Amino acid sequence: MPKNATPEVIEKVKRALDETPRSINEIAERADTDWATTQRWLEILRSLGYAHQKVVGSHPLFFVKHLSSSRTLFDIPISQTDEKVIHFIYAKAQELWKKKTNSSLGKSHAQKIVARVNKELDLKLPVGWYLYGQVCVLPYDDAVTYESVSFSGSEKMIAAIEKAVEDFIPLTSTKKLRKYHYEENHNELYLLKEQVIECRSFSFDAEHIEKLIRILLDMIPLLPKSNRELIQFFTDFIGETMDVKKTVSSAEHSFDAEKVMRIKRLFFDGFDAIWRLIAIESYKSSLMETGKFSKELLEEKFRIQYAAQDDLTIVLMQELSDEAEIEKLYYVDVDKLTDVQKKLRAMMGSARPLTPEEKKVMADRWDDPVERSKILREFGFD
């Protein structure tokens with residue numbers, strides 16, 4: 001696998017695509033990526049239905065049929081009533097922020113103000129938990145001056161907006177804002193995610209890897225229950241991390257500082273990829289809870305994004321194993337893999353299907369406290 005298959009790379013390739021058919025060389029140049037990496041991700045994006053291909057002569061050209069012009073995240077529909085209320089909150093928050101700070105309201109603060117007002121007044125707006133907390137499906141554009149049109153109940157809303165603005169002004173950094181937002185909503189999963197992110201500044205030795213593993217273990221009961229495969233994915237990642245700890249602390253391996261840094265980068269790239277899977281599932285689940293969307297609609301809106309992230313996570317986990325020199329079989333249910341995932345695993349040469357008996361054993365072991373303790377002891381966690 002190419003060593004630069006990171007989340008940034010696939011985003012570069014996606015951004016390099018437009019409605020004009022282009023060769024792999026042209027797209028690689030636009031994306032500032034090498035030919036092999038670009039070709040690999042173009043094939044994955046094509047298999048997912050994001051990119052399309054036509055052949056001119058003997059040369060494949062890639063393009064997208066149309067770029068989304070949707071104003072909402074994931075092209076999720078929004079009612080005129082909800083849009084009016086959200087624009088009103090943005091307008092008043094923008095006005096008050098400018099008046100009190102003589103600066104422009106940022107996107108993160110605007111989203112958290114909407115989330116606070118929505119919860120306080122039980123507005124039932126299309127707001128859900130995504131990558132960095134609660135976000136509205138209608139993004140805030142800091143280049144737009146929003147106009148507020150009063151309506152019945154807007155006076156009470158203004159008071160709630162004023163209070164939110166007052167509370168959030170001292171939170172000058174997005175890190176402080178995120179932590180405040182997670183704490184006031186008692187979201188332990190997102191607070192634990194912040195702890196993982198904070199570990200980026202630590203040395204990547206056995207002691208700190210063990211700390212990371214304990215944080216990851218605390219996250220398991222808090223993961224979205226709507227996707228059992230996601231939970232299995234997460235526990236697989238913990239297993240990878242346990243293997244990394246054993247490897248880097250083994251006397252048989254004396255990795256130089258540069259190699260340890262590569263392993264560290266791949267760990268955090270892997271975590272970021274898995275967190276995006278968790279965030280997509282969390283956003284879908286929390287939007288379902290608003291009662292405004294059908295399950296079928298949300299499944300369709302999130303399908304391509306989730307599938308692409310799923311494939312990226314598999315690649316990053318394999319790269320982590322390769323870099324840390326871990327020999328590991330991935331226990332997967334091949335029947336449930338997409339064609340792209342099967343292709344990726346064939347290229348990796350590391351997957352084998354579970355028998356029905358093995359599936360049950362692997363699914364039940366982690367759920368059983370005694371068996372879970374045995375697993376932890378196997379990896380040096382007494």
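The values are calculated or read from the model by the stated rules, or taken from the named source; none is laboratory data. It should be emphasised that the depicted structure is a prediction, and the values quoted were computed from it without experimental measurement. Note that each Cβ is placed from the backbone with ideal geometry, even for glycine, and that neighbours are counted across all protein chains shown.
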Residue match in the range 126-138 (condition: in the same structural domain as Gln94 (by TED's automatic domain parsing) and without any contact (Cβ under 8 Å) to a residue 12 or more places away in the chain): no
Whichever residue in the range 99-118 is without any contact (Cβ under 8 Å) to a residue 40 or more places away in the chain and basic (Lys, Arg) and, among such residues, is surrounded by the most Cβ atoms within 10 Å (Cβ to Cβ): Lys107
Condition met for Lys84 (at negative phi, surrounded by fewer than 15 Cβ atoms within 10 Å (Cβ to Cβ), in contact (Cβ under 8 Å) with a residue 24 or more places away in the chain and assigned to a loop (DSSP other than H, G, I, E, B)): no
Any hit, the range 208-226, residues being exposed (fewer than 15 other Cβ atoms within 10 Å of the Cβ), modelled with pLDDT under 90, over 26 Å from Ala307 (Cα atoms) and not aliphatic (A, V, I, L, M): no
Single match in Leu42, Leu125, Leu96 (criterion: modelled with pLDDT under 95 and either in contact with a helix residue (DSSP H, G or I) (Cβ under 7 Å, 6 or more places away or on another chain) or surrounded by 13 or more Cβ atoms within 10 Å (Cβ to Cβ) (or both)): Leu42
Extreme residue, farthest from Ala164 (Cα to Cα), among residues of the range 44-76 that are without any contact (Cβ under 8 Å) to a residue 12 or more places away in the chain and under 24 Å from the mean Cα position of the chain (by Cα): Ser68
Test result for Asp141, within 23 Å of Lys99 (Cβ to Cβ) and surrounded by fewer than 19 Cβ atoms within 10 Å (Cβ to Cβ): yes
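Per-residue answers, yes or no, for (1) among the β-branched types (Val, Ile, Thr); (2) within 17 Å of Gly133 (Cβ to Cβ); (3) at pLDDT below 90:
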{"residue": "Phe271", "(1), (2), (3)": "no, no, no"}
{"residue": "Arg276", "(1), (2), (3)": "no, yes, no"}
{"residue": "Glu281", "(1), (2), (3)": "no, yes, no"}
{"residue": "Gly291", "(1), (2), (3)": "no, no, no"}
{"residue": "Ser294", "(1), (2), (3)": "no, no, no"}
{"residue": "Leu298", "(1), (2), (3)": "no, no, no"}
{"residue": "Asp310", "(1), (2), (3)": "no, no, yes"}
{"residue": "Ile314", "(1), (2), (3)": "yes, no, yes"}
{"residue": "Met317", "(1), (2), (3)": "no, no, yes"}
